[in-house]
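The values are calculated or read from the model by the stated rules, or taken from the named source; none is laboratory data. Remember, predicted model here, so these are calculated numbers, not experimental data. In this analysis, Cβ positions are derived from the backbone assuming ideal geometry, glycine residues included, and neighbour counts consider all displayed protein chains.
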Amino acid sequence: MADTILLSSPHKHDGSTIRSIMFKVCMALLPGLLCNIWYFGPGVMWQCLYATVFALLTEAILLTVRKRDLRLFLGDGTAIVTAWLFALMISPLVPWWVSLTGISFGLVFAKHLYGGLGHNLFNPAATGYIFVLLCFPVIMNHWPVMRELSAGIDVISGATPLGDTQTRLAAMDMISEIQIGPLYGMFAGAGWEWVNLAYLAGGCWLVISGIISWRIPFGVAGGVFVVSTLFSLYNPDLYASPLFHLFSGGTMLGAFFIATDPVTASTTPRGKIIYGCLIGLIAFVLRTWGAYPDGIAFAVLIANAAVPLIDRYTRPNILGE
């Protein structure tokens, strides 16, 4: 995921392998995973376990059908990272068969039908998530009550802050009225702000380690920040603040862990920023006027489709040209 592209020799290998990179990505996801478990309960851990088992089984079957080396491809860690990302996007309350359906669909239709690792156009985790979201919208949009909010509350599930904001704005409530409720914290959704800060910390470690480029997360966060700031300044009663959009839902997970997939993301320096900004802009539009509250996964898939065009027109000059 380097910021520069070397189109001619010499090249120097830094010793990294796919397995070692995937291991570091899993380590970077741990703070967000632990925060999710703390706020949403052990269901998050079970979803990660389900998704990992289903992903490895699906991957093994597909590799066998395609006559690929199981030890080589099953052990590279890509299926595990896909499973964790998928599990962290879905509600901890969904039944196991939803996880099986989503992760299998993502690996089959967004990875192996394109030729496997390195050939897919769309992010498998986001593809699987969107598939089950469209197929089972009621199940997917119910989340457990946060740890801090559960005392004295009879219900065990409800809407996310993004979903609650979208619903109440449609009912003609104002942002100032909406965000005094118990679902909201200091600057974003209660608990969600800390989950996103944990993803931000893990993502920054990946940037510092050289695993991902800063350009894509910067583009995603910058796109969300700029457009949400403009609308919030225009009418703060109808449009939430930029901090709310940055630290609610899957913004930081999408910016640092999903949008930066080296296979499906843009590869040129300028293209990475354009790609990231496009995701941020589309996510805000979908959150504000779309039917689904978050929009990050939809935005990533739309931007994935635009990557060949972005790379074509942002390709740097070859050395000597």
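A Cβ distance below 6 Å, combined with a sequence gap of six or more or placement on separate chains, defines the contacts here; from the range 248-274, residues that are surrounded by 23 or more Cβ atoms within 10 Å (Cβ to Cβ) reach residues that are small (Gly, Ala, Ser) in the pairs Ser248/Ala188; Ser248/Gly189; Ala255/Ala221; Phe256/Gly203; Ile258/Ala126; Lys272/Ser213; Lys272/Ser266. Only one of the numbered conditions (1) more than 17 Å from Gly249 (Cα to Cα); (2) surrounded by fewer than 19 Cβ atoms within 10 Å (Cβ to Cβ); (3) not polar (S, T, N, Q) is not met by Val285, and that is (1).
Filter the range 207-230 down to residues that are touching a helix residue (DSSP H, G or I) at 6+ places or on another chain (Cβ under 9 Å) and assigned to a loop (DSSP other than H, G, I, E, B) and give me whichever is nearest to Ile258 (Cα to Cα). Going through the qualifying residues, I end up with Ile212. Kindly list the number of the only condition in (1) more than 18 Å from Leu200 (Cβ to Cβ); (2) buried (at least 24 other Cβ atoms within 10 Å of the Cβ); (3) out of contact with any Asp or Glu (no Cβ under 8 Å at 6 or more places or on another chain) that fails for Asp311. The failed condition is (2). In the range 62-77, the residues that are more than 19 Å from Ser20 (Cβ to Cβ) reach residues that are of a type outside the set (A, V, I, L, M, F, W, C) and in a helix (DSSP H, G or I) with C-beta atoms within less than 6 angstrom, at least six apart or across chains, in these pairs: Leu62/His112. For the range 231-255, the set of residues classified as among the aliphatic types (A, V, I, L, M) and outside any loop (DSSP other than H, G, I, E, B) consists of Leu233, Leu243, Leu246, Met252, Leu253, Ala255, listed by residue number.
Please go through the range 157-184 and give me each residue that is farther than 17 Å from Pro92 by Cα and modelled with pLDDT under 85, ordered by number. Result: Gly181, Pro182, Leu183. Among the residues of the range 166-199, the one identified as of a type in the set (Ser, Thr, Tyr), crowded, with 19+ Cβ neighbours inside 10 Å and more than 25 Å from Phe218 (Cβ to Cβ) is Tyr184.
Hey, among the residues in the range 91-110 that are under 15 Å from the mean Cα position of the chain (by Cα) and either surrounded by 24 or more Cβ atoms within 10 Å (Cβ to Cβ) or modelled with pLDDT of 95 or more (or both), which one's nearest to Val138 (Cα to Cα)? Spell out the reasoning first.
We begin by selecting, within the range 91-110, every residue under 15 Å from the mean Cα position of the chain (by Cα); these are 91, 102-103, 106.
With either surrounded by 24 or more Cβ atoms within 10 Å (Cβ to Cβ) or modelled with pLDDT of 95 or more (or both) added as a condition, the list becomes 102-103, 106.
Working: Gly102: 15, Ile103: 19, Gly106: 20 Å.
By that ranking, first place goes to Gly102.
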